[in-house]
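S.K.: Sharing a structure with you now.
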Amino acid sequence: MAIDRLSMAAAGFSSTLLAQRFNELTGVTPKRLTRTYRLVATVFAINQAYFDHEFRALTGLAPD
């Protein structure tokens, strides 16, 4: 796990303490931030023209 390797390099902090501190500073856990970035990357990877067409076909609405 990346957070464990990072914590070992960060002056002996445990991964739990590092995650807690990250949460205090950012308002989200490292896992939540990773999941959010993964979702955003997936959304941007979708071919937008194809997505627009499918969205309209399924919902009858524009995806604006």
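The values are calculated or read from the model by the stated rules, or taken from the named source; none is laboratory data. The shown structure was predicted, so the numbers you read here are calculated from the model rather than taken from an experiment. Quick reminder, even Gly has a Cβ in these numbers, built from the backbone with ideal geometry, and neighbours come from all protein chains shown. Ligands, DNA and RNA are excluded from the accessible area calculation, which covers all protein heavy atoms including side chains. Shrake-Rupley method; radii C 1.70, N 1.55, O 1.52, S 1.80 Å.
S.K.: Tell me which residues, restricted to segment 13-22, are open to solvent by 100 Å² or more (accessible area, probe 1.4 Å) and hydroxyl-bearing (S, T, Y).
M.R.: None; the set is empty.
S.K.: Another one. Show the residue pairs that are 6+ apart or on different chains and have beta-carbon atoms under 9 Å apart, the first residue being within segment 11-26 and in contact (Cβ under 8 Å) with a residue 12 or more places away in the chain, the second being assigned to a loop (DSSP other than H, G, I, E, B) and exposed (fewer than 12 other Cβ atoms within 10 Å of the Cβ).
M.R.: As it stands, the answer is S15/M1, since those pairs meet every condition given.
S.K.: Give the residues of segment 23-61 that are assigned to a loop (DSSP other than H, G, I, E, B), surrounded by fewer than 11 Cβ atoms within 10 Å (Cβ to Cβ) and modelled with pLDDT under 85, sorted by residue number.
M.R.: N47
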